[in-house]
Amino acid sequence: MPIWNEEFETMSREDMSKLQLERLKTLVERVAKTSSLYKKKLAEAGVSADDLKSLEDISKLPFTTKDELRHNYPWGMFTVPLKDVVRVHASSGTTGKPVVGGYTRADLDMWAEVMARTVSAASITADDVVHNGYGYGLFTGGLGFHIGAEAVGATVVPASAGLTRRQLMLMEDFGATVLTCTPSYSLVIAEEAAAAGIDIKERLKLRVGVFGAEPWTEKMREEIEAALGLDAYDIYGLTEMIGPGVSVECRHHNGLHVFEDHFYPEIIDPASGEPLGYGVEGELVFTTLTKEAMPIIRYRTRDRTILHADKCACGRTVVRMEKVLGRTDDMLIIRGVNVFPSQIERVLFGFDELEPQYQIIIDRGKHELDTVEVWVEGADDLFVPVETANIQALEKKVEARLKETLIISCKVKLMKPHSIERSMGKAVRVVDKRNLDS
Ligand SMILES: [Zn+2]
């Protein structure tokens, strides 16, 4: 299986640390001159590039938050004149102003490089036909994957998201061997095929899927692999860093290799901000070591994961991050109790009778306590014929399991297959109606 860039992906830990420190010092020196925000932040923290004697000294540098990015919308985070910026993307945030990402020509070259590493790690080569179902446009997914797949010489079909039946036709006619899209959309494709009586494994040649842009569980991986007959790879990235291309799984599926010569990862305690090191769960923080247009120091991603530094069987020596376990700001406070949607998901996926389609509805009546309803789709055979007693018994069983995990009570509503609204991009898992009342 090819490693796109042996020099950087299999570098000794010692050489990697040296390179990172060198790049970090250059970065800090540069932003102190070119960014009014970082000039101020570094002065307030009383730290300069000269204070960075080892990589551990990165903890002296201030964090950057999503709020700061929003306050500096649209161009305030850029450290080069707009004439040197050749592309912008923006996050798909549903509230307020989006987060903008800017790229110089060199940033686009670096993106193509890390995306070429990404698709190579997922075993994609010039022999593949890549059906790219990530949205093209402001969202980084479509164009990000596009440049990476082109860089390794694959045949790219820029399908974008939506018109699912047509996507199935194109995948069959063009002989797609690779599908790239959000994990929830891959299940929409599988459902649409089943509804149309198309046997995907029989008629399509898919062998690999590369899925990201939203957290997904191992159980969901099993569902996707079984439904589409492919090997599913997880990728990670964010607009604030570059888009996809920050990390990816190799064929061993034992965590995501981080391209840390460009994106330096740390794990911190989300409450105190203290660095936690390898093997401990905490909040993922990234520093862009090489970006020109929009460098970011110690960006708090709000994603929770664990880092590992041992060498992988594939030969790569770069740090691996575990599949994202959830987001620190996904945390819902319900009746004073902290609840992560991923906890609910793990409970639901423990039941074979349930499908991986669910929605969590939180509401608050006047002077009343918060209420939580979990809508989840059941397997077909639960409903033909409809055995109300069986359905109610299963609802009670799931409610009991949720209560054990979350401490608070939820009402579970078992839904018929395909009754929860599907999304072409990221799935809408939480509907918090409490915000509408305030
Ligand atoms: Zn590996």
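The values are calculated or read from the model by the stated rules, or taken from the named source; none is laboratory data. Computed from a predicted structure; not experimentally measured. Note that each Cβ is placed from the backbone with ideal geometry, even for glycine, and that neighbours are counted across all protein chains shown.
Evaluated against (1) over 28 Å from the mean Cα position of the chain (by Cα); (2) surrounded by 13 or more Cβ atoms within 10 Å (Cβ to Cβ), R320 falls short on exactly one condition, (1). When the stretch 252-273 is filtered for residues that are touching a residue at least 24 places away in the same chain (Cβ under 8 Å) and polar (S, T, N, Q), only N254 remains. Within the stretch 310-329, if we keep just the residues that are of a type outside the set (D, E) and either outside any loop (DSSP other than H, G, I, E, B) or under 21 Å from L61 (Cβ atoms) (or both), the residue that is farthest from the ligand (Cβ to nearest atom) turns out to be T328.
Just wondering, is there one or more residues in the stretch 247-260 that are away from the ligand (no atom under 13 Å from the Cβ), assigned by TED's automatic domain parsing to the domain that holds L21 and part of a loop (DSSP other than H, G, I, E, B)? Within the stretch 247-260, one or more residues are away from the ligand (no atom under 13 Å from the Cβ), assigned by TED's automatic domain parsing to the domain that holds L21 and part of a loop (DSSP other than H, G, I, E, B).
Residues in the stretch 100-145 that are charged (D, E, K, R) and more than 16 Å from the ligand (Cβ to nearest atom) were compared, and the one that is nearest to H71 (Cα to Cα) is D107. For the stretch 147-170, taking the residues that are in a helix (DSSP H, G or I), of a type outside the set (D, E, K, R) and farther than 21 Å from G137 by Cβ, the one that is nearest to the chain's Cα centre (by Cα) is identified as L168. The lone criterion from (1) out of contact with any Cys (no Cβ under 8 Å at 6 or more places or on another chain); (2) buried (at least 18 other Cβ atoms within 10 Å of the Cβ); (3) at pLDDT 95 or above left unmet by P98 is number (3). Total residues in the stretch 215-246 satisfying the condition of being part of a strand (DSSP E or B) and buried (at least 21 other Cβ atoms within 10 Å of the Cβ): the figure is 11. Scanning the stretch 382-437 for residues that are modelled with pLDDT of 90 or more and either in contact with a Cys (Cβ under 6 Å, 6 or more places away or on another chain) or of a type in the set (D, E, K, R) (or both) yields E395, K396, K397, E399, R401, L402, K403, E404, K411, K413, K416. Does V130 qualify as being assigned by TED's automatic domain parsing to the domain that holds V157 and either in contact with a helix residue (DSSP H, G or I) (Cβ under 7 Å, 6 or more places away or on another chain) or in a loop (DSSP other than H, G, I, E, B) (or both)? For V130, the condition - assigned by TED's automatic domain parsing to the domain that holds V157 and either in contact with a helix residue (DSSP H, G or I) (Cβ under 7 Å, 6 or more places away or on another chain) or in a loop (DSSP other than H, G, I, E, B) (or both) - is met.
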